[in-house]
Each structure stands twice: as structure tokens, then as C-alpha cells.
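K.L.:
Dropping a structure here in C-alpha cells format, bear with me for questions.
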Amino acid sequence: MASEKFVIPIGPQHPALKEPGHFEFNVDGEIVTDASVRLGYVHRGIEKGAETRNFVQAEYLVERICGICSHVHATAFCLGVERLAGVEAPPRAQAIRQIVAELERIHSHLLWVGVAAHEAGFDTLFMYTWRDRETVMNLLEGITGNRVNYSANVLGGVKCDIGPEQAEAIQIGLNFLEERTRHYLEVVSSDAMFLRRTRGIGVMTREDAERMGVVGPTARASGVPRDVRIDAPYLLYAEHPVELVIEEAGDLEARFKVRVRELFESYRVIRELLTALPEGELTARIPRRIKPAETISRVEAPRGELFYFIKSNGTDSAERVKVRTPTLPNMASVLALSVGHQLADVPMILAGIDPCFSCNDRMAVVKRNGDEQVWTWEQLRQYGIEYYR
Amino acid sequence: MSTLTALMALLFFPGGLIILLVGLAYEWADRKLVARFQNRIGPRWFQPLADIVKLLAKEEVVPQGVHPGLFVTLPVIALSGALTAALYVPVFGLAPSYSFSGDLIVTVYLLSLLTLCTGLAGANTLNRFSLIGATRTLTQLFSYEAPFLLALLGPALAAGSWRISAIADYGADRWLILAQPVGFVVALIGLMGKLELPPFDAPEAETEIVAGALTEYSGRGLALFRLGKGVELVVGLTLVAAFYLGGVANPIAFFAKTLALLGVLAGLQSLLARLRIDQTVGLWWRYGTILALVQFLILIVWKGLAA
């Protein structure tokens, strides 16, 4: 038996995963000795789809890449296309984009705290955070009319305005959430039983974090000062900056603390924006056809840096849209950190990066006998053309 | 006792059918309380019964690679073990149906049968989640069993008898929780470990190993295991209430005390995050067993001095 590997498969269907992904953990008793991952179960061809539609339709499509951080995808795409067209959204539109983006961050982080607590078998925290998340979802519905895919963005601006009544509703909602968040910060940093599952578990040193290139709260929990909102401000983040939230420990507890503390920054910056909401138009005119050019658009999604590459070719649709979501750079850390830990810690380490599989899946090559593993660009292109024919 | 009354006691009351239904009712109370603590609505009163009816109506899939005889009989043994244990404890505030000197030890063994069967059922299949679950179930069994037994032997020693009815009579006059608080806590927490309730639910931690040892079970087998757990909940609560909380001399005292204990269990379940299996073992052998042993020794010395 000693020579045989005992492999625990997690996924594609498994209660720990809300989305399909496949992990194989070799275990020796309860200790993980090796880990591997296979992604690509939810490849949806969105990049190709975005290239066959015009910019307006593509914006609708990319907003559906992620069900949790939908707004940042649309924002990244709009910012990129606007830059290609040489148009800038009016200040009021940018402020509203930023408010919605921060509300979305609140909703995403609260969701994450719940999911991660559930992985540790702490269902009470899970239920409480998700109950409170309803508040921010109602606020988003009040602004945009939608709870999930808000569709707040249009090319050149936003669809919806924030009036005084909505501003007041947001203030009331934020007051409630801020009080609750203080409680959650206390729970994740002082609950003795919960700390037994988070403190010192899945420690990623700053060197490891830099080497593996992790992004977002996962990196910030390891002491890496990396936040697109601060490094390369977009929207109104230069005028209304957020403070960098950073923890040095690099364990699961630090990942909890970073995300919960980031909520306070979000509350603060939303309040600041609401009191200093610029007057003016909501949209700027944007040409239908865009001259050939290419651009890179980066924004800070709740999970980390979201990267868009957009290339236009003089028509009304993009030549190429490339998306890199934050889950991809973070995924390697799960495999590296799992080794040496107990099987019981693996779901928490996995959840610790806040993975979003369907956002992440771009391409899957399933290895078959006789298949070449190295594809030339021509082969790949031909495969793509055949696949989507 | 005539054959007819014996059959009644075995199949209908207080063992058998009634205890099954009470087990389901307690399971509902537990689920409802935890749900309310977690700000959820919780199940309707007949939900556990509906679950059982549905499971009994379903096909029982026997997976490949198992010993089919064991696969089918293990749930039956588990349930019958729990039901037999119910005959020796004062459920509903009535005197136990059967009683003999030393029945406390037999009852504790009968209560372990469910866990043992669960472990065997997991080890019987080829499912990797079941195998890990079985290992954890049995590991957990070895960690709480000794302190749980010690915690029940405390009152036995005080009463000077290993007959459950005698200990219950002794406990009816006084609240042993005051004299032996450590024993009470160990017994209650041990019961949680026995029933694999959170935070001791590592053997069936769904986010790691799906349903643990019972992953391959469906239909009748699963229904019988769940019924067994319900019965064991009632029997365990009865034992703790009878020994430590001033006895369960009448039905009112029985329901009041066991339900109060159930409320405490539900509170603990919702307050605590799941322990890893190594932490469970560590907790029991580093603290639970030592504390129970110390109290046990104090009792023996005190008995010796008094005598």
C-alpha cells in the first residue's frame, strides 16, 4: 500500500466547489503530499464571442463573464474601448461607476467571508454574512434595477443616475453594514475555535507571493503592496483614493482580515463620493467604428487585478479581446500551499484565494493518445475556426 | 413479564416505534433550533419523518466492490443497537424495560455500535471519501469513547452501582452536575462527538469528504442510519439528564430536561467552527480524558475516605 498513491478527487462535482474544477490531492493519511488541478470545465468561448459582436453587444457579453464581479468586467472593457476611441466618460459617470464598483466589492467580500466560513464548518457566520449581503444587493438593485448583472455601464458613461433619495438609502445601508462588519472583524480575529482553523494555516511568505505572482487580497495578505486602484488609478481613484489594506502574516487569518478591513475602505470611499458627486452628463458620445489600435485596461476586481487587452481594427467590433481574471495567477498558490497541510485545510486554502472558475476558464486541451501537446499558432487558429464554425 | 408485554416493550413502547418517532421529533427540534440560531427559517415539523419516508421509498443502490451482505446488514445492526440501548435507560421518565447489574456498560457498548457500523460501512466500500470518512469516524470513536465512559462511571461510582436504574434513583435525589461538573461537561460533549454533531463533524465534513463514511448509502440503508442517530440522541440525552440533572422521574421532567440539554447542544453546534480530526483527538486526550480521570480519582479517594 505504501507505494500506491491514495488520491482524493475534489471536483468537478463536489460540495466544496460551487463551480466545476478538478483537483487531485495525493494524501498520506490526512496529509496532502501532492496536488494537481485541471481547469476548463466552464469554457464558454466568451472572448471569441466578443470578437464577433460589435462593441455595444460585446460589453453586454463581457459583463456576464463573472456572476459576482460583473461590474468590473464591464468597467474594464468600457475603459479600454473609450481609450481606443479617444473618449472619456463624464466625471459624474466615473463617480457612479466607482460607487457601483465599491458596492460590488462589498457584496463580493461578504459573500467570500460566508463561503470561506462554510468551508471551515462555521455555518453561523456563513448565514449571517449572507443575510447582511442582502442589504448591499438591495442597494445595487435600487441604483441599477438589477441584483447580479447590474448593467450600470454603457460605452461612454453609465445608464443610471444616483439621486438624493438613493444616496440617502445607500448611506443608511452602509451604516448598518459598517456596524455588522465591525462585528465580523472581531469574529475572524478573536473567535478561538475559528482561529484554530485559520491562524498559521496556508502561510504564504512575501517571497512566495511575489514568485507566484498572486494578486489582489491574497497578495495583500502576504504583505505585497499590490492594488491597481492605488498603483494605476482609474475612474476617480486618483481624486478619491482608497488606502492600501495590508497584512503581513500571509495565513488564512490574514486573508480574512484583509478582506474584512477592505470593506471599511469601501464604505469610506463610497460616502466620500456620494457627498462630492460631480454634476453633469451621464454619457459621452462614442463613435461606432474605432480606428485600428490596441490597448490594455487594468482594474482592481474584488479578487485582484483584472486585465483586458482590446485590439480594434477600424470596424464596429473588436479584432481581439483577451481577458485575464485574477483567479488564474492565484490558482498556482493553492497547489503550492496545499502540500504538507491536512486534507481538512485544503477546502479553506482553496477558498482562501476566492476562486472563480467560470471567469477563469479560457481554453482546455484534453490530452488524448497521439495528440500533439505543442500547437503552433496556425493550428490553434485553425482549431478555433473549426470549433466555432 | 409475559411475552405480550415484552413484545409491546420491544416493538412499540417505550422501545420500538415510539422511540423512533421521538428520535425524529428531537432531530427536528435540533435542526429547527440551529436554524433559528443561524437566522434561518428551518424545517417544518414533519420534515425528518418526510425525509425518512422518502428514503425508504427509494431504491437502495448497492455499489460495485462492496460486500453486499455487510452493506445491507450494517444499517440494521446499527439501528437495532440503538433501539436495544433504549430498553435499558429510563426514557420518557419510565423505569427501564429491562435492568440487570452492569447494564450501564452494555448500554455504552450498544451506543457505540452505531459508530462502529458507520465506520465499517465506510470501510466496506471502495469510495475514497468513504474510506477517509471511515478512518475519521473510528479515530473519533477512540478519542471520545474513554472519556465518555468515565463521565458516566462518575455517577455510577457515587451511587455505588453499575445498574442504570439504581444510578438514576440515586441521581433523582440530588443534582450531580453540582458535585461532578467536569463529568457533566465531558458527557455532554462526548455525546456530541458520538453523534458527529458540529464541531465534531469532521467524519462527515461535506466540504472535504462529501458525506464521509455514508457517501455510498442511499435509500433504506441511509434511512436506517439516520433513524439510529435519532434514537441515540434521545438515549444519550436521557442518560445525561438522568445521571446529572436530578433524574427523570416523570415524563414532564424527562421532556423538560432533555429538551433543555438539546437546546444547549444546538447552541454549541451553531457557535463553534468544525474541528479538524487531529484537533478533536488532541482536545479529548489532552483535556477531556485527563479532566475526567482527575475527577474520577478524586471520587475514588473521597469514597475511600468516607468509607
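Read-outs throughout are calculated quantities, based only on the coordinates presented, and are distinct from any laboratory measurement. Every value quoted in this text rests on a predicted model; they were computed, and no experiment measured them. Cβ coordinates were reconstructed from backbone atoms using ideal geometry, including for glycine residues, and neighbour counts include every protein chain displayed.
K.L.:
Trypsin sites (Lys or Arg not before Pro), restricted to the range A:1-47: which are DSSP loop and have at most 16 other Cβ atoms within 10 Å?
P.N.:
A:LYS5, A:LYS18, A:ARG44
K.L.:
Then there is this: From the alpha carbon gyration tensor of the range A:129-222, can you work out the equivalent ellipsoid semi-axes (sqrt of 5 times each eigenvalue) and give them in Å, largest to smallest?
P.N.:
Whole-Å semi-axes of the equivalent ellipsoid: 34, 21, 10.
K.L.:
If exposed GluC sites (Glu not before Pro) are those in a DSSP loop with at most 16 other Cβ within 10 Å, what is the longest stretch of chain A that has none? Numbers along the way, then the final one.
P.N.:
Numbers: sites that count: A:GLU4, A:GLU88, A:GLU239, A:GLU243, A:GLU248, A:GLU279, A:GLU281, A:GLU372.
It works out to A:89-238.
K.L.:
Using a simple charge model, +1 on the beta-carbon of Lys and Arg, -1 on the beta-carbon of Asp and Glu, nothing else, what dipole does the range B:18-306 show about its Cα centre, in debye to the nearest 20?
P.N.:
Taking the Cα centre of the range B:18-306 as origin, the dipole is about 420 debye.
K.L.:
Can I ask one more? Pop out the ³J(HN,Hα) list for the range B:73-81 in order, Karplus 6.51 cos²θ - 1.76 cosθ + 1.60 with θ = phi - 60°, rounded to Hz; leave Gly and Pro as x.
P.N.:
My calculation for the range B:73-81 gives 7, 4, x, 5, 4, 4, 5, 5, x Hz in order.
K.L.:
Measure off 7 Å from each Cα along the Cα-to-Cβ vector at A:THR283 and B:GLU59, then give the distance between these two points in nanometres to one decimal.
P.N.:
5.6
K.L.:
Write down, largest first, the equivalent ellipsoid semi-axes of the range A:235-389 in whole Å, where each equals the square root of 5 times an eigenvalue of the alpha-carbon gyration tensor.
P.N.:
Working from the Cα gyration tensor, I get semi-axes of 34, 32, 10 Å.
K.L.:
If the only charges are +1 at each Lys and Arg Cβ and -1 at each Asp and Glu Cβ, what is the size of the charge dipole of chain A around the Cα centre, to the nearest 20 debye?
P.N.:
Dipole magnitude for chain A comes out near 960 debye.
K.L.:
Treating only the Cα positions of the range A:1-157 as identical point scatterers, give the base-10 log of I(q)/I(0) from the Debye formula at each q in 0.12, 0.15 Å⁻¹.
P.N.:
-0.71, -0.94
K.L.:
Would you mind computing the Rg to Rh ratio of the range A:97-174 from its alpha-carbon coordinates, Kirkwood style for Rh?
P.N.:
Ratio of gyration radius to Kirkwood radius for the range A:97-174: 1.05.
K.L.:
Put a dot 7 Å past each Cα toward the Cβ at A:HIS183 and A:THR295; how far apart are the dots in nm?
P.N.:
4.4
K.L.:
So what is the relative contact order for chain B, in percent, with contacts set as C-alpha pairs under 8 Å and at least six apart?
P.N.:
Reported relative contact order: 27 percent.
K.L.:
About the Cα centre of the protein assembly as shown, what is the dipole size in debye to 20, counting +1 per Lys and Arg Cβ and -1 per Asp and Glu Cβ, all else neutral?
P.N.:
Dipole magnitude for the protein assembly as shown comes out near 740 debye.
K.L.:
With the dipole of the protein assembly as shown worked out from charges on the C-beta (+1 for Lys and Arg, -1 for Asp and Glu) around the Cα centre, which of A:VAL269, B:ALA166, A:LEU235 lies farthest toward the positive end?
P.N.:
B:ALA166
K.L.:
For the range A:303-348, go through all pairs of different Cα atoms, get the mean of 1/r, take its inverse, and jot down that Kirkwood value in Å.
P.N.:
13.4
K.L.:
Let me ask something additional. Based on the alpha carbon coordinates of the range B:24-165, what radius of gyration and maximum Cα-Cα distance (Dmax) apply, in Å?
P.N.:
Cα radius of gyration and Dmax of the range B:24-165 are 18.2, 52 Å respectively.
K.L.:
Taking B:LYS58 as the anchor, which aspartates and glutamates have their alpha carbon closer than 15 Å to its alpha carbon, excluding any fewer than eight residues away along the same chain?
P.N.:
Reachable aspartates and glutamates: B:GLU216.
K.L.:
Next up: Placing +1 on the Cβ of each Lys and Arg and -1 on the Cβ of each Asp and Glu in chain B, which of B:ALA213, B:LEU74, B:PRO14 has its Cα farthest towards the positive end of the resulting dipole?
P.N.:
B:PRO14
K.L.:
Okay, next question. As a test of the formula, what do you get for chain B when each DSSP H run with n ≥ 4 contributes -39,500 (n - 2.57) and the sum is divided by the residue count, at 222 nm and rounded to the nearest 500 deg cm²/dmol? Can you show the working numbers first?
P.N.:
Working: 14 runs with 219 residues, N = 307.
Dividing the helical sum by the residues of chain B leaves -23500 deg cm²/dmol.
K.L.:
For the range A:205-253, what are the per-bin percents of Cα-Cα distances with bins 10 Å wide, up to the bin holding the maximum?
P.N.:
P(r) over the range A:205-253, rounded to whole percents: 29, 45, 22, 3.
K.L.:
For an R0 of 51 angstrom, estimate the FRET efficiency from the Cβ-Cβ distance between A:VAL7 and A:ALA238 and round to the nearest 0.05.
P.N.:
Efficiency computed from Cβ-Cβ geometry: 0.55.
K.L.:
List the GluC sites (Glu not before Pro) within the range B:1-98 that DSSP assigns to loop and that have no more than 14 neighbouring Cβ atoms inside 10 Å.
P.N.:
B:GLU59
K.L.:
Can you flag which of A:LYS257/B:LYS229; B:LYS229/B:LYS303; A:LYS257/A:LYS322; B:LYS32/B:LYS194; A:LYS291/A:LYS322 are past 30 Å Cα-Cα?
P.N.:
In this structure, A:LYS257/B:LYS229; B:LYS229/B:LYS303; A:LYS257/A:LYS322 exceed 30 Å between Cα atoms.
K.L.:
For the range A:84-137, what percent of Cα pairs sit more than 14 Å apart?
P.N.:
For the range A:84-137, the share of Cα pairs beyond 14 Å comes to 62 percent.
K.L.:
What FRET efficiency would be calculated for the residue pair B:LEU297, B:PHE46, taking the C-beta separation as r and a Förster radius of 60 Å, to the nearest 0.05?
P.N.:
On the way: r = 48 Å, r/R0 = 0.80.
The formula returns an efficiency of 0.80 here.
K.L.:
Using a 10 Å Cβ count of at most 16 others and DSSP loop calls, identify the longest part of chain B lacking such trypsin sites (Lys or Arg not before Pro).
P.N.:
So the longest stretch without any such site is B:175-307.
K.L.:
Shifting gears a bit: In 5 Å bins starting at zero, report the fraction of Cα pairs in the range A:47-321 per bin as a rounded %.
P.N.:
P(r) for the range A:47-321, in whole percents per bin: 1, 6, 12, 16, 17, 16, 12, 9, 6, 3, 1, 0, 0.
K.L.:
For the range A:190-205, take each phi angle, set θ = phi - 60°, evaluate the Karplus expression 6.51 cos²θ - 1.76 cosθ + 1.60, and give the result in whole Hz per residue in order, putting x for glycine and proline.
P.N.:
The phi angles translate into 9, 5, 4, 5, 5, 5, 4, 9, 10, 6, x, 9, x, 6, 10, 6 Hz.
K.L.:
Let me ask another. How big is the Rg/Rh ratio for the range A:1-53, C-alpha atoms only, Rh by Kirkwood, two decimals?
P.N.:
Expressed as Rg/Rh, it is 1.22.
K.L.:
Just the Cα atoms of the protein assembly as shown: what Rg and Dmax do they give in Å?
P.N.:
30.0, 102
K.L.:
Please compute the modelled spin-label separation between B:TYR109 and A:ALA276, points set 7 Å along Cα→Cβ, answer in nm with one decimal.
P.N.:
Between A:ALA276 and B:TYR109, the simple spin-label model gives 7.8 nm.
K.L.:
Also: So what are the ³J(HN,Hα) numbers for the range A:89-102, from phi and the Karplus equation (6.51, -1.76, 1.60; θ = phi - 60°), rounded to whole Hz, Gly and Pro as x?
P.N.:
5, x, x, 4, 4, 5, 5, 5, 4, 5, 4, 5, 4, 6
K.L.:
Further question: I'd like the Kirkwood hydrodynamic radius of the range B:18-306, using the inverse of the mean 1/r over distinct C-alpha pairs, in Å.
P.N.:
One over the average 1/r among Cα pairs gives 19.3 Å for the range B:18-306.
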